[in-house]
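Here the structure comes first, spelled out in structure tokens, and everything after it is commentary.
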Amino acid sequence: MRVILLALLLIIPLSTNADAQTQTFTREGVEYVLDLPSPAWRAVSLVDVHEHLEFVNGDDYSNGYLRLRKKVVTAETASEDLFREAEKWELQKLPGYVVCSGGKGTEFNGQLKGTMFSYEFINHGRNMDGRIYFLRLDNRTFYVLYFTVASEKLPGLRDQMDSIARSFRLK
């Protein structure tokens, strides 16, 4: 009985700490909410023509980087079409670009359903992995989550990327 009580006293605080690390990100003027799985993930504001929020894991973009975009398309557009477009205009220009799984996406379920595609590339001599989540809001709107991370760090961050994508939702 004492062993069970001691085990419960040790397990309960650990599970609470794990939940306490998750932070919900929301900001005025941003139409989405997402859960960041650790305090290391932080929002960074970038301005070109208008402000974009991006997310970095720690202080180094190779530790995990996320950019989000909203894409309005024709009703018959599929995730595969969007991925082919991203390949044509962005991905194929990356040094050492290689699509994974033959370019076939993996169905993905979270707050929004979608498809995830993965690829590899080289950035400043470093092997990198990319994952793109095409999350369908309705028949004309996708939210696209572009993750990149150094290849050696992907195994430790794959679950965090999936968790962030699963948590993505509108306010």
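Laboratory data are not the source of any read-out in this text; all were calculated from the coordinates shown. Nothing here was measured: the structure is a model prediction, and the numbers come from that model. Methodologically, a virtual Cβ is constructed for each residue, glycine included, from the backbone with ideal geometry; neighbour enumeration extends over all protein chains shown.
The shape of the chain can be summarised by an equivalent ellipsoid whose semi-axes, obtained from the alpha carbon gyration tensor, come to 31, 20, 17 Å from longest to shortest. For the chain, the tally of Lys pairs with Cα-Cα distances below 19 Å comes to 9, considering only residues 8 or more apart or on different chains. Based on Cα contacts under 8 Å between residues 6+ apart, segment 21-115 shows a relative contact order of 13 percent. Shown here for segment 77-121: GluC sites (Glu not before Pro) in loop regions (DSSP other than H, G, I, E, B) with at most 15 other Cβ atoms within 10 Å, namely E90. Across segment 32-171, C-alpha contacts under 8 Å between residues 6 or more apart give a mean separation that, scaled by the residue count, equals a relative contact order of 29 percent. Please list the helices of the chain that count as membrane-span-like by this rule: a mean Kyte-Doolittle hydropathy of at least 0.5 together with Cα atoms stretching 20 Å or more along the helix axis, each helix being a complete DSSP H run. Taking the DSSP H segments of the chain (at least 20 Å long, mean hydropathy at least 0.5), we get 2-21.
Hey, fewest Cβ within 10 Å first, where do L66, L112, L170 land in order?
L170, L112, L66
Over all distinct Cα-Cα pairs of segment 70-134, the Kirkwood formula returns a hydrodynamic radius of 12.7 Å.
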